[in-house]
Structures are given as C-alpha cells and as structure tokens.
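FYI, it's all coordinate maths here, none of it is from the lab. What you see is a predicted model, and the numbers here were worked out from it, not measured in a lab. Reconstructed Cβ throughout: ideal geometry from the backbone, glycine too, with neighbour counts over all protein chains shown.
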Amino acid sequence: MSETLQIACPDCHTLNRAPRDKLAAGLRGKCGRCGAPLFSGHPVALDAASFESHAARSDVPLLVDFWAPWCGPCVAMAPQFEKAAGHLEPGLRLAKVNTEEEQELASHYGIRSIPTLVLLHRGREIARRSGAMDAATIERWVAQSLA
C-alpha cells in the first residue's frame with residue numbers, strides 16, 4: 001500500500017490525504033471537502049488563521065514569500081514566484097504572506113526585510129533567503145535546501 005501524505009487545501013485549508021506515489025506521478029488530486037484542486041500551480045495567499053494548516057500540519061514542504069504591496073522588489077519578484085510555483089508543485093506548496101496585513105505572523109518569523117523567502121517543513125524552518133530572485137534561482141535554492 002502506498003504511503004499517504006496530509007496536504008492542506010489551498011482554498012478551504014482542510015487537510016486531505018493523498019498517496020505519495022500519485023503526487024510523484026504528477027497527479028494533483030482534489031479536496032474532499034470543497035472539491036478544489038490540491039495544487040493549482042499558483043501560490044496560495046495565507047493569513048494567520050490558515051498558516052498552521054500549511055506550515056505545520058501538512059506533509060508537503062512550504063515556501064513562503066513574506067512581502068508587502070508597497071515593496072518594489074516584492075512586486076517585481078511576484079511573477080517569478082508564480083512561475084516557480086508552476087514548476088515546483090506538487091512536491092512543494094508556495095504561499096504568500098502580506099506582512100502589512102499579517103504583522104504578527106511576520107514578527108513571529110523575525111521578518112526584517114522583504115521580500116524574504118522562508119522554507120518550512122512540518123513546522124520547522126529549513127532555510128531562509130532575503131531579496132528578489134528569478135524563478136530559476138528560487139528553484140535552485142529550494143532544491144539545494146531540501147537536499
């Protein structure tokens with residue numbers, strides 16, 4: 001029998017079980033509660049209420065872009081982060097946290113400059129990097145950090 005992973009839905013944030021081998025084969029699955037695809041190839045916007053489901057309770061590593069709408073480098077990196085999501089899912093969930101709206105969450109993670117990418121797995125920080133990057137650099141950094 002195949003090992004199952006717990007994956008948080010990007011829409012309703014409910015935890016779902018999905019077979020690891022089907023995800024590895026590129027099948028993305030659907031949420032058992034709301035029917036949304038578990039992976040859409042786009043970053044999910046998280047707030048304090050939904051953050052834990054993806055960061056601590058999901059078995060899929062989470063790459064968080066801490067950003068703000070007034071930040072020029074953040075806005076410039078957004079399409080690159082979006083492109084990286086299309087390449088890195090379903091092995092990784094990409095998410096965005098607006099530091100203007102989620103100041104406590106940003107403070108909890110010690111965000112001092114933006115954009116800052118934080119890579120988490122099962123609630124534990126694996127790696128962190130500040131500054132704007134292109135999609136290829138994001139993908140290389142993630143691969144090195146998860147190796």
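The table for this structure:
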{"item": "Selected from V75, A135, F51, residue furthest toward positive end of dipole (segment 40-146; charges at beta carbon)", "result": "A135"}
{"item": "Q103-S130 FRET efficiency (beta carbon distance; Förster radius 25 Å; 0.05 resolution)", "result": "0.90"}
{"item": "Helix 135-146 axis, angle to the chain major axis (alpha carbon atoms, nearest 10°)", "result": "70"}
{"item": "Beta bridge orientation in the chain: antiparallel %, DSSP, nearest 5", "result": "70"}
{"item": "MRE, 222 nm, helices only [DSSP H, n ≥ 4, -39500 (n - 2.57), over the chain, to nearest 500]", "result": "-8500 deg cm²/dmol"}
{"item": "Low-density loop cleavage sites - GluC sites (Glu not before Pro) in segment 68-147, where at most 13 other Cβ are within 10 Å (DSSP)", "result": "E100, E101"}
{"item": "Principal-axis tilt of helix 72-88 within the chain, Cα atoms, nearest 10 degrees", "result": "20"}
{"item": "Lys/Arg +1, Asp/Glu -1 at C-beta; segment 40-146 dipole; positive extreme among P61, L92, S145", "result": "S145"}
{"item": "Point-charge dipole on Cβ atoms (K/R +1, D/E -1) for the chain, about Cα centre, debye to 20", "result": "440"}
